1. Checking the conditions here, which among A:Leu329, A:Leu349 is touching a strand residue (DSSP E or B) at 6+ places or on another chain (Cβ under 7 Å) and in the same structural domain as A:Ala237 (by TED's automatic domain parsing)?
2. Take A:Asp200 and decide whether it is surrounded by fewer than 23 Cβ atoms within 10 Å (Cβ to Cβ) and in contact (Cβ under 8 Å) with a residue 60 or more places away in the chain.
3. For the stretch A:225-285, please list each of the strands (runs of 3 or more DSSP E) lying entirely inside it that holds at least 2 residues being over 30 Å from A:Thr384 (Cβ atoms) and away from chain B (no Cβ under 14 Å).
4. Kindly indicate the residue of the stretch A:388-406 that is touching a residue at least 60 places away in the same chain (Cβ under 8 Å) and within 14 Å of chain B (Cβ to nearest Cβ) and also farthest from A:Ile92 (Cα to Cα) among those meeting that condition.
5. Within the stretch A:15-23, is there a residue that is away from ligand 2 (no atom under 16 Å from the Cβ) and in contact (Cβ under 8 Å) with a residue 24 or more places away in the chain?
6. Given the conditions (1) part of a loop (DSSP other than H, G, I, E, B); (2) under 28 Å from A:Leu319 (Cβ atoms); (3) under 26 Å from the mean Cα position of the chain (by Cα); (4) among the aliphatic types (A, V, I, L, M), report the number of the one that A:Ile159 does not fulfil.
7. Scan the stretch A:26-57 for residues that are surrounded by fewer than 16 Cβ atoms within 10 Å (Cβ to Cβ) and in a loop (DSSP other than H, G, I, E, B) and report the count.
8. Only residues that are outside any loop (DSSP other than H, G, I, E, B), in contact with a Pro (Cβ under 9 Å, 6 or more places away or on another chain) and not hydroxyl-bearing (Ser, Thr, Tyr): list them for the stretch A:343-375, please.
Amino acid sequence: MKHYSAFAVAREALRYHTGWERAWRSPQPKKRYDVIIVGAGGHGLATAYYLGKNYGIQNVAVIEKGWLGGGNTGRNTTIIRSNYLQDPSAAIYEKARGLYEDLSQDLNYNIMFSPRGVMMLAQTQHEIRGYQRTAHANALQGVQTEWITPERVKELVPIINIDGPRYPVLGALWQERGGTARHDAVAWGYARACSAMGMDIIQQCEVTGVRQENGRVVGVDTTKGAIDCEKLGIVVAGHSGQLAEMAGFRLPLEAIALQALVSEPIKPCMDVVVMANTVHGYMSQSDKGEMVIGGGTDGFNNYTQRGSFHHIEETVRALVETFPMISRLKMLRQWGGIVDMTGDRSPILSKTPLQGCFINGGWGTGGFKAIPGSGWGMAQLMATGHSPLTEAFSLDRFKEGRFIDESVAAGVAH
Amino acid sequence: MLILNCPYCGVDAEETELAAGGEAHLKRYGPGSSDGDFHDYLFMRENPKGVHFERWRHANGCGKWFHAARCTQTLEVFGTYSAQVFEPPQKIKDAITAKRPGWTWREFS
Ligand SMILES: Cc1cc2nc3c(=O)[nH]c(=O)nc-3n(C[C@H](O)[C@H](O)[C@H](O)COP(=O)(O)OP(=O)(O)OC[C@H]3O[C@@H](n4cnc5c(N)ncnc54)[C@H](O)[C@@H]3O)c2cc1C
Ligand SMILES: [Zn+2]
């Protein structure tokens, strides 16, 4: 792998950019790998990367039915924050946020991490109490957040209407080191680094079955033939239920569409991320100038990556009240992804009833921010059989009643 | 936009008139049941990529609950039927079989 640097850009400029090499190889699958990861989204690639980097396990394949980063990793609104309420969440999301800080240097790939600040508006009395509680919990967890007044909100976001008729802004939970990153680049950066370690990223290859002997995983069937492995990691977001079925167990989650949209590009007008959970909408401005907008999930089970239009309408209607200036904006594109929702709105990182088979899913509407931390913990779990980061997120928590209830803490997709 | 025919008032209702109620034909387990049954009842949905039975309410219409058979992979609607049944009527099953031969669901097919 050739190193990317300012010097490399200068060198290539002098020779008409003929020297850039492909960022990752596209090999044919080998007969056998130590570890196979199903799903080349951010979480699958990060898991592979930290298996190699932290544990020296490099005979790894990442198998992807479409193209890498083409799932939810390439469809999300890129919000990164770690101001969760419950301790296990704060631990894994803050680990991820910390890793994001210098991920560009670590991967030698510019993921454009922009810690511009994330603001969660309180627009009801209930939310004020909720967010003040979160701020206090965050203080104990060592996550830097603070409760700010409506005046400070207005100072940070001049385009906001803080005395709207229905839901005036009463304050906000502010995480200064939250922000955004370039989602594709996160997948591409990890893929390039994995490939450089000798790992195989096999795209256009669908896993169609999980092979097992005596209760142990021994490989997978794919559209490119059978491939053996010692350990298997299922990291397929919306398709977690499908893969679990192939492996012979069930998961407590459902697949639902979540949509987002972007406006025409305009001049810089808002340099932080704002989330308005009571009215169900959030917004940030991309480097290209587009307003990136998201809201709540659709209502019914769906695998089509298409949502219902009235949800877009609801989201925009909600935001127009708080940001009157966007009422004249044209919306350019709208899309959907299939998110895997668990009962307590927290992910599952766990061993499974099938020996040697691990699951990382259920990130639902908010897993982009978690990618580095999730990969870190999942790699530790797969390599050593235990990780303090993933422990609380095990599959048996539903049976044991140990929920990590974040639905109350967020109440909106993010 | 999803359009479902309400079997009670006969209206072809657009999604904005309806409220989704999740998976249908759940068997309810309560006090006295085993931990496993209670866990499955609370958390384990079928979540199929294909034929799905679900509950809907004609919320901004007649207000009644009803059932729908739908495909989660194509968004095709096979039909709607009364909420007062434990499994879909034969007519609905036949409509599904015509398009998805071999489909199955927990206790029936
Ligand atoms: C509209 C939208 C907005 C969002 N906004 C945010 C946000 O602002 N902040 C945030 O933190 N999160 C957000 N999320 C959530 C976030 O995108 C996801 O949690 C995260 O990207 C999941 O990553 P992943 O790697 O698990 O899944 P994915 O990126 O979906 O990767 C899974 C991969 O598995 C592959 N796969 C599936 N089945 C098979 C098979 N049988 N064989 C081989 N490969 C298979 C798929 O093709 C896919 O590429 C949003 C999601 C959506 C849809
Ligand atoms: Zn009706």
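1. A:Leu349
2. Spelling it out, A:Asp200 is indeed surrounded by fewer than 23 Cβ atoms within 10 Å (Cβ to Cβ) and in contact (Cβ under 8 Å) with a residue 60 or more places away in the chain.
3. Hits in the stretch A:225-285: A:253-263, A:273-276, A:281-285.
4. Once the filter is applied, the top-ranked residue is A:Phe398.
5. yes
6. Tallying (1) part of a loop (DSSP other than H, G, I, E, B); (2) under 28 Å from A:Leu319 (Cβ atoms); (3) under 26 Å from the mean Cα position of the chain (by Cα); (4) among the aliphatic types (A, V, I, L, M), A:Ile159 fails exactly one: (3).
7. 6
8. Listed by number, the residues that qualify are A:Ile348, A:Asn360, A:Gly361, A:Ala370.
The values are calculated or read from the model by the stated rules, or taken from the named source; none is laboratory data. Just so you know, these numbers come straight off a predicted model, no measurement behind them. Cβ coordinates were reconstructed from backbone atoms using ideal geometry, including for glycine residues, and neighbour counts include every protein chain displayed.
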